[in-house]
Amino acid sequence: MSKRLPPLNALRVFDAAARHLSFTRAADELFVTQAAVSHQIKSLEDFLGLKLFRRRNRSLLLTEEGQSYFQDIKEIFSQLTEATRKLQARSAKGALTVSLLPSFAIQWLVPRLTSFNSAYPGIDVRIQAVDRQEDKLADDVDVAIFYGRGNWPGLRVEKLYAEYLLPVCSPLLLTGDKALKTPADLAQTYPASRCVPPRLANLYPSAWSKPY
């Protein structure tokens, strides 16, 4: 049995064209011309002795053989990508200093360190817990997890989670002559009341005495 394999570049082009079902979009992804994509697909079809694509009106479709081949190729590329990632991860070395609030470090980061250390054994993660969040990174910090809207000039920002807040109050405020019916009643009935952001309430007890 022949062990000759098709060119890797032709397989990459086929994978892109099969995912997009478009030679034009495949060309854009691979930064080549549409003619180059067509040439690679034709070469691959000649190598296999099979048609991989067919056209219906203006649409590009995979043939039955093309669909089956695409599923196998997709899995192979996925395994190749993962194998490369693992190898690069094991060769990566150095220290990574992460700055974040203590509560987030305990509840979110620390439980994930075991799996991270297994994937990247050469990376030494150093946690820098801070009581007060700044809008810029300290010189010895590589990554920070901030709480806010993400508008920090000079920093590359990626959103982790959205936070959802719910108002709560004592059940006593819902009974009696001054029972609250709507949120607006709170300001009218209790003009001295304060609404404190939860992160400030936990970090700075004095925040309860300040207006917001």
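Structure data summary
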| read-out | value |
| --- | --- |
| Selection status of residue 70, over 23 Å from the mean Cα position of the chain (by Cα), of a type in the set (Phe, Trp, Tyr) and outside the structural domain of residue 130 (by the TED database) | yes |
| Failed criterion for residue 80 (all others in (1) of a type in the set (A, V, I, L, M); (2) surrounded by 14 or more Cβ atoms within 10 Å (Cβ to Cβ); (3) closer than 15 Å to residue 14 by Cβ hold) | (2) |
| Selection status of residue 89, in contact with a Phe, Trp or Tyr (Cβ under 9 Å, 6 or more places away or on another chain) and under 30 Å from residue 145 (Cα atoms) | yes |
| Residue 30 closer than 12 Å to residue 73 by Cβ, at pLDDT below 95 and of a type in the set (A, V, I, L, M) | no |
| Qualifying residue in the range 154-172 (condition: modelled with pLDDT of 80 or more, farther than 30 Å from residue 127 by Cα and of a type outside the set (Phe, Trp, Tyr)) | yes |
| Subset of the range 32-75 that is of a type in the set (Ser, Thr, Tyr) and not in a loop (DSSP other than H, G, I, E, B) - its residue that is nearest to residue 9 (Cα to Cα) | 43 |
| The range 126-152 residues that are at negative phi, paired with ones that are at pLDDT below 80 and polar (S, T, N, Q) (beta carbon under 7 Å, 6 or more apart) | 146/133; 147/133 |
| Extreme residue, farthest from the chain's Cα centre (by Cα), among residues of the range 97-153 that are part of a helix (DSSP H, G or I) and of a type in the set (Phe, Trp, Tyr) | 104 |
| Selection count where residues are among the aliphatic types (A, V, I, L, M) and in contact with an Asp or Glu (Cβ under 8 Å, 6 or more places away or on another chain), scope the range 73-99 | 4 |
| Residue ID - nearest to residue 56 (Cα to Cα), chosen from residues in the range 21-36 that are touching a Ser or Thr at 6+ places or on another chain (Cβ under 8 Å) and touching a residue at least 12 places away in the same chain (Cβ under 8 Å) | 21 |
| Flag if residue 43 is of a type in the set (S, T, N, Q) and touching a residue at least 24 places away in the same chain (Cβ under 8 Å) | yes |
| Meets criteria (in contact (Cβ under 8 Å) with a residue 24 or more places away in the chain, closer than 30 Å to residue 117 by Cβ and in contact with a strand residue (DSSP E or B) (Cβ under 8 Å, 6 or more places away or on another chain)) for residue 18 | no |
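Okay, residues lined up against (1) of a type in the set (Phe, Trp, Tyr); (2) under 30 Å from residue 123 (Cα atoms); (3) surrounded by fewer than 14 Cβ atoms within 10 Å (Cβ to Cβ):
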residue	(1), (2), (3)
16	no, no, no
19	no, no, yes
35	no, no, yes
40	no, no, no
103	no, yes, yes
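The values are calculated or read from the model by the stated rules, or taken from the named source; none is laboratory data. Remember, it's a predicted structure, so these values are computed and weren't measured experimentally. We place every Cβ from the backbone using ideal geometry, glycine too, and count neighbours over all the protein chains shown.
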